[in-house]
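Got a structure for you, questions after.
The values are calculated or read from the model by the stated rules, or taken from the named source; none is laboratory data. Because the structure is predicted, anything quoted here is derived from the model rather than measured. FYI the Cβ positions are ideal-geometry reconstructions off the backbone, even for glycines, and counts take in every protein chain you see.
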Amino acid sequence: MSKRHLLLPGLLLMLAAVLTFLKVPLASSQGLTLVAAEVSGELPMTDPEAAVWQEATAIEAPLSAQNVARPMILNTQVRSVTARALHNGSQIALLVEWADDTQSDEMVRVQDFRDAVAVQFPLAEGQPFFCMGQPGGNVNIWHWKADWQADIAARRDVNTAYANMYVDQYPFVGIGEALLASPADYTDPNYLPALASGNLFASATYASPVEDLIAGGFGSLTSQPVAGQNVQGYGVWSDGRWRVIFSRDLKSQDADDVNLSTGKVYSLAFAAWDGANGERNGQKSTSQWVSLQLEGMIPTGPAPQPAQRAAAPLDWLGMAFVFGPMALVALLALGLVGGAVALSIWTRKQ
Amino acid sequence: MDSEAVKSLPSLFRWLTLAALADWLITRTLTRSAIFVPKSPPVITAYEALGLIGQWAFTLTSLLALVAVGWMAFRLLRARRGIVLPITLLGLLALSLLFVVIPPGGWLAVDYHLLVIAAAGLIGWGMWTRAGGGGRKIAWVFPALALLAGEALQLNQALFGAMRWPGPPPGAMTLFNLGELFAVLSMVGLWWAYCWHPGQDGIRPYVLAALPALAFSAAHLINPAMTGIVAIWSTGLTLYLPWPVYAVSLWLAGVVVFASLRRGDAVGWAVLLLAAGGYAPQLSTQVFLILIALWLLSEEEGAPGLGYDIAVWAIGNRASSL
């Protein structure tokens, strides 16, 4: 092969190396995208039946059993979740639904496991490993728990499952013989070290059925401090189907929280647990990353009725920082096409 | 497309096939095994180097795919055989580059998927209206249907979003599974169309192709869950059918590739591009690989038609590779 014939391939190889080094993408993704519809007014944070949810187009995200880290259950029950999203410029609400024949919302006995669902956002650019992130690629996880949801209405304890239980003595309790001491009965809260250290699982009451966590790979899951628990949730089971709403402000001051903005695209992954199948911890169903896109905000009517949603204006200022260099690369690529064609014509005429 | 016509194709297509294979095998297959390797520093260094090579291969594949589609559009225009397909291909090019800057959504996403479906349909129309073997035409239909099923799935989702319908779009899993069935049958059909004559290619392609098929079978029997995970990452196939079906399809795909390379025609390249493109492609580059593969398959040996005219013109003008 002559040097002339190696010229263009060599140029293309070098160009590809430069583009790889600069992390310039030449391919666009057409994957599953969840579009958060923008509406005005309050979001339906505790009403999965609200009509405004129909303003958002749902996606069905397939799930498969987590089979990377042991222990694992290969025949998990939740095969897909249906998700919708709404935002009003300041808050976002996600409605996640999935089929589950059993309502497992009690975890008093050691052999009982809860139904749960989680959504996961990468904290850095790009997509870390979709299952719990990776070192250097932390993820923010919102984990809704069915038993926490039920306990908000009425906290269950050992006596709920074992009505005939009896306790001989509770040490450090400033009351007389008690069937079941509450945290307030203790003479010093430090005698409940888990509660005193801010362990959410020891809390007598739950402000939210959603736990806000961060992870950077298997075995690194960490609950955010109590003051940083800013995700609200609401879940209801009916006719073999769970419907769970996650809601939070778009912006958060916590460094370990994902920040969301309109007009941008984020990555999002789902996980679900069927407690009746013994699924817990890493024994779960997970999805691959899907895209989450927040529509640009246009003020519409005053009430969250089935509103008329117009196309959002493009974020020209934001796009200017992206469009410029990307347009140059796009022109360069098109120029290559033309150059290749021209070279083909020229060599043929020789 | 006979061997003379193949030689007239720019070496661009050979480069593209090699780059696509490197991207597929390294980025989407080998690097997925990282979770099993020891995490010692030399291994991590080697893995990172492998990942960098895979990223380079992906960028090169994307670049060459863009150039190849542009080349196809240009040659179709020069051959003066219709304007609709070249315009469709150029439109796809433009939209795919636009989506690098602007997130695909709304009616633009609908347009994109419609253009992909239109391109596949126009390539097929050109093929079916020409004289030639009916068997090869039928065999071409299966990979086209697999692409159309994947695109219909994404078109459905995009249409629901553009129309503000609540959804979710119905029948998604049914459509997805049907497309996977077509993808698996594609290799059976291609083998039947190009290689089934007894003694045509000897036994060597069958023996060589058995190796990857046996490797897949062994992997599935040893660790079916992990094989399924790697398969879906690598090819987009969920392995919902009985696993021997996939093993046979893989075997026959290998037979077609080895026999084609021996004969010097373009079918093997097309099969490799189809494999690299995967099923229900998520990236625009993968869509282009499949369209290029369908175009290569649509060029029938000795049949007067668009591709043949281009090849004759190219040979007559002493076409040299790029």
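Given the conditions (1) at pLDDT 85 or above; (2) in a loop (DSSP other than H, G, I, E, B), which single one is not true for residue A:171?
(1)
Kindly check whether there is at least one residue in segment A:197-217 that is more than 25 Å from the chain's Cα centre (by Cα) and loosely packed, with under 12 Cβ neighbours inside 10 Å.
Yes.
On to the next question. Considering only segment B:48-82, state which residues are without any contact (Cβ under 8 Å) to a residue 12 or more places away in the chain and of a type in the set (Val, Ile, Thr).
Matches in segment B:48-82: B:59 only.
If you don't mind, there's one more thing I want to ask. Could you check how many residues of segment A:255-283 are assigned to a loop (DSSP other than H, G, I, E, B) and not β-branched (Val, Ile, Thr)?
15
Here is a follow-up. Between a residue in segment B:240-266 that is more than 20 Å from residue B:223 (Cβ to Cβ) and any residue that is part of a loop (DSSP other than H, G, I, E, B) and among the small types (Gly, Ala, Ser), which pairs come within a Cβ distance under 9 Å, given they are 6 or more apart or on different chains?
B:259/B:202; B:260/B:266; B:262/B:202
Mind checking which pairs have a first residue in segment A:251-267 that is of a type in the set (D, E, K, R) and a second that is part of a loop (DSSP other than H, G, I, E, B), Cβ under 6 Å, 6 or more apart or different chains?
These pairs meet every condition: A:251/A:259; A:256/A:224.
Can you spot a residue in segment B:180-187 that is under 20 Å from the mean Cα position of the chain (by Cα), modelled with pLDDT of 90 or more and within 14 Å of chain A (Cβ to nearest Cβ)? Talk me through it step by step, then tell me what you get.
Looking only at segment B:180-187, we keep the residues that are under 20 Å from the mean Cα position of the chain (by Cα), and these are B:180-187.
Filter once more, keeping what is modelled with pLDDT of 90 or more: B:180-187.
Pick out the ones that are also within 14 Å of chain A (Cβ to nearest Cβ) and you get B:180.
Yes - at least one qualifying residue is present in segment B:180-187.
So if I check each of A:65, A:51, A:69, A:17, which one is in the same structural domain as residue A:287 (by TED's automatic domain parsing) and at pLDDT 85 or above?
A:51
Taking residue B:115 as the residue in question, decide whether it is within 13 Å of chain A (Cβ to nearest Cβ), modelled with pLDDT of 90 or more and either in contact with a strand residue (DSSP E or B) (Cβ under 9 Å, 6 or more places away or on another chain) or under 16 Å from residue B:296 (Cα atoms) (or both).
no
Still on this structure, I have one more. Can you pull out the residues in segment A:209-241 that are free of Cβ contacts under 8 Å to residues at least 60 places away in the same chain and more than 23 Å from residue A:66 (Cβ to Cβ)?
Result: A:225, A:226, A:227, A:228, A:229, A:230, A:238, A:239.
Going through B:162, B:172, B:158 one at a time, which residue ends up being small (Gly, Ala, Ser), within 19 Å of residue B:109 (Cβ to Cβ), within 14 Å of chain A (Cβ to nearest Cβ) and touching an Asp or Glu at 6+ places or on another chain (Cβ under 8 Å)? Don't jump to the end; show me each part of the working.
Numbers: B:162 fails: touching an Asp or Glu at 6+ places or on another chain (Cβ under 8 Å); B:158 fails: touching an Asp or Glu at 6+ places or on another chain (Cβ under 8 Å).
It is B:172.
Continuing with this model, one more query. Right, residue A:222: loosely packed, with under 15 Cβ neighbours inside 10 Å and in contact with a strand residue (DSSP E or B) (Cβ under 8 Å, 6 or more places away or on another chain) or not?
Here the answer is yes, as residue A:222 does meet what is asked.
Tally time: how many residues in segment B:172-210 are free of Cβ contacts under 8 Å to residues at least 12 places away in the same chain and either surrounded by 13 or more Cβ atoms within 10 Å (Cβ to Cβ) or over 28 Å from residue A:32 (Cα atoms) (or both)?
8
Hey, could you check segment B:214-267 for residues that are among the aliphatic types (A, V, I, L, M) and either outside any helix (DSSP H, G or I) or at positive phi (or both) and say which is surrounded by the most Cβ atoms within 10 Å (Cβ to Cβ)?
Only one residue fits best here, namely B:266.
One residue is enough: does segment B:280-293 have a residue meeting the conditions within 14 Å of chain A (Cβ to nearest Cβ), in contact with a Ser or Thr (Cβ under 6 Å, 6 or more places away or on another chain), crowded, with 24+ Cβ neighbours inside 10 Å and more than 20 Å from residue B:11 (Cβ to Cβ)?
yes
Now for a separate question. Could you go through segment A:20-38 and let me know if any residue there is more than 10 Å from chain B (Cβ to nearest Cβ) and farther than 27 Å from residue A:129 by Cα.
yes
Of the conditions (1) surrounded by fewer than 21 Cβ atoms within 10 Å (Cβ to Cβ); (2) closer than 20 Å to residue A:244 by Cα; (3) more than 10 Å from every other protein chain (Cβ to nearest Cβ), residue A:116 clears all except one; give me its number.
(1)
Could you tell me whether any residue of segment A:150-169 is among the small types (Gly, Ala, Ser), closer than 29 Å to residue B:240 by Cβ and out of contact with any strand residue (DSSP E or B) (no Cβ under 8 Å at 6 or more places or on another chain)? Show your work before the answer.
Applying the first criterion (among the small types (Gly, Ala, Ser)) to segment A:150-169 yields A:150, A:153-154, A:161, A:163.
Those still in the list that are closer than 29 Å to residue B:240 by Cβ too: none.
Within segment A:150-169, none of the residues are among the small types (Gly, Ala, Ser), closer than 29 Å to residue B:240 by Cβ and out of contact with any strand residue (DSSP E or B) (no Cβ under 8 Å at 6 or more places or on another chain).
Spot the failing condition for residue B:285; the list is (1) of a type in the set (Ser, Thr, Tyr); (2) within 29 Å of residue B:111 (Cβ to Cβ); (3) not in a helix (DSSP H, G or I), and only one is missed.
(3)
Can you name the condition, by its number, that residue B:90 falls short on among (1) in contact (Cβ under 8 Å) with a residue 60 or more places away in the chain; (2) more than 9 Å from chain A (Cβ to nearest Cβ)?
Against the list (1) in contact (Cβ under 8 Å) with a residue 60 or more places away in the chain; (2) more than 9 Å from chain A (Cβ to nearest Cβ), residue B:90 comes up short only on (1).
A further question follows. Can you name every residue in segment A:237-264 that is among the aliphatic types (A, V, I, L, M) and crowded, with 17+ Cβ neighbours inside 10 Å?
If the condition is that a residue be among the aliphatic types (A, V, I, L, M) and crowded, with 17+ Cβ neighbours inside 10 Å, then A:244, A:245, A:250, A:258, A:260 are the ones that fit.
Yes/no per residue for (1) surrounded by 15 or more Cβ atoms within 10 Å (Cβ to Cβ); (2) without any contact (Cβ under 8 Å) to a residue 40 or more places away in the chain; (3) of a type in the set (A, V, I, L, M):
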| position | (1), (2), (3) |
| --- | --- |
| A:141 | yes, no, yes |
| A:157 | no, no, no |
| A:167 | no, yes, yes |
| A:180 | no, yes, yes |
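Moving on. Would you mind finding the one in A:83, A:69, A:93, A:16 that is at the interface with chain B (Cβ under 8 Å from one of its Cβ atoms) and either hydrophobic (A, V, I, L, M, F, W, C) or surrounded by fewer than 17 Cβ atoms within 10 Å (Cβ to Cβ) (or both)?
A:16
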